[in-house]
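The values are calculated or read from the model by the stated rules, or taken from the named source; none is laboratory data. Quantities reported herein were computed from a predicted structural model and do not represent experimental measurements. Positions of Cβ are generated from backbone atoms using ideal geometry, with glycine treated the same way; all protein chains shown enter the neighbour counts.
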Amino acid sequence: MANLNEEIIYTYKDKAYLNITNKCPCACTFCIRSQKDAIGSAENLWLNHNPSFDEVAKAIDDFDFDGYDEVIFCGYGEPTNSFDVLVKTAKYLREKIGIKLRVNTNGLGNLINDRDITQELCSSVDAVSISLNCSNKEDYLNTVRPRFGIESYDAMLDFAKKCRALTDNVMLSVVDVIGEDEIAKCQKIADSINIPLRVRKFSS
Ligand code: SF4
């Protein structure tokens with residue numbers, strides 16, 4: 001197994017990624033975690049334990065960010081599940097490197113943390129990408145399988161709207177496997193809350 005530093009930071013194309021937790025309240029049917037142990041440069045994104053901020057900072061200190069134009073909080077887990085570490089790490093990266101920061105999230109951070117984290121999140125990073133995944137709460141429940149149940153879809157949309165009120169740099173995403181009709185419905189939802197929709201290619 002790779003050492004913890006290697007597992008915390010991995011790269012894919014011209015981006016560097018931070019894998020700060022394996023915790024996630026969902027079990028998406030398409031989650032890459034159920035298919036392989038790593039993506040990009042990583043060998044194994046399953047962490048031995050949830051890293052502390054000091055461990056993440058050490059991984060950052062040991063990594064050469066030359067040639068990377070963005071750091072993205074996106075690993076084998078939901079980054080807002082380790083929100084305190086995320087916020088401290090974002091501050092550390094801004095002070096140390098001054099690189100653009102993005103969070104890829106399932107948008108359930110307010111439920112996970114049992115409080116509204118959007119203000120703190122949007123002031124900590126430059127961009128927030130939220131997984132919309134489906135056009136309605138029933139499909140979302142069956143596809144994302146969140147432990148918070150049927151309220152999750154509305155909570156995710158509310159999270160997206162709150163972020164949109166705080167910053168222009170919010171996007172929603174879907175995976176292309178949902179099909180053209182469903183993508184069109186998701187586009188309508190995204191348009192109705194004035195957030196761009198990104199259609200991601202499913203990678204297996
Ligand atoms: S929210 Fe992300 S990490 Fe969690 S199960 Fe879904 S795809 Fe996997």
Fill in: Residue list for segment 103-155, filter: among the β-branched types (Val, Ile, Thr) and under 18 Å from Asn81 (Cβ atoms)
Val103, Thr105, Ile112, Ile117, Thr118, Val125, Val128, Ile130, Val144
Fill in: helices (runs of 4 or more DSSP H) within segment 20-125 that include 1 or more residues under 29 Å from Asn142 (Cβ atoms), under 17 Å from the mean Cα position of the chain (by Cα) and modelled with pLDDT of 95 or more
83-96, 109-113, 118-124
Discussion item. Could you list, ordered by first residue, the pairs with Cβ atoms under 6 Å in which the first is in segment 135-149 and among the aliphatic types (A, V, I, L, M) and the second is part of a helix (DSSP H, G or I), at least 6 apart or interchain?
Written reply: Leu141/Ile150
Practice prompt. Evaluate the following for Glu55: is it within 16 Å of the ligand (Cβ to nearest atom), touching a helix residue (DSSP H, G or I) at 6+ places or on another chain (Cβ under 9 Å) and farther than 30 Å from Tyr153 by Cβ?
Written response: no
Discussion item. Yes or no: segment 40-52 includes at least one residue that is away from the ligand (no atom under 12 Å from the Cβ), surrounded by 19 or more Cβ atoms within 10 Å (Cβ to Cβ) and among the small types (Gly, Ala, Ser).
Written reply: yes
Practice prompt. Determine which single condition Tyr17 fails, assuming it passes every other condition in (1) farther than 30 Å from Leu141 by Cβ; (2) assigned to a strand (DSSP E or B).
Written response: (1)
Practice prompt. Tally the residues that are hydroxyl-bearing (Ser, Thr, Tyr) and over 13 Å from Tyr10 (Cβ atoms), restricting the search to segment 57-80.
Written response: 1
Worksheet item: Can you tell me which of Arg115, Arg164 is closer than 29 Å to Glu70 by Cα and surrounded by fewer than 15 Cβ atoms within 10 Å (Cβ to Cβ)?
Response: Arg115
Worksheet item: Yes or no: Arg164 closer than 30 Å to Ser52 by Cα and more than 14 Å from the chain's Cα centre (by Cα)?
Response: yes
Worksheet item: When both residues are 6+ apart or on different chains and their Cβ atoms are under 6 Å apart, which pairs have a first residue that lies in segment 70-91 and is touching a residue at least 24 places away in the same chain (Cβ under 8 Å), and a second that is away from the ligand (no atom under 16 Å from the Cβ) and basic (Lys, Arg)?
Response: Glu70/Lys15; Glu70/Lys100; Ile72/Lys15
Response to the item:
The number of residues in segment 80-99 that are touching a strand residue (DSSP E or B) at 6+ places or on another chain (Cβ under 7 Å) and crowded, with 17+ Cβ neighbours inside 10 Å is 5
Worksheet item: Which ones in segment 181-194 are β-branched (Val, Ile, Thr) and free of Cβ contacts under 8 Å to residues at least 40 places away in the same chain?
Response: Ile183, Ile193
Fill in: Residue that is surrounded by the fewest Cβ atoms within 10 Å (Cβ to Cβ), among those in segment 118-141 that are farther than 12 Å from Met171 by Cα and of a type in the set (Ser, Thr, Tyr)
Ser123
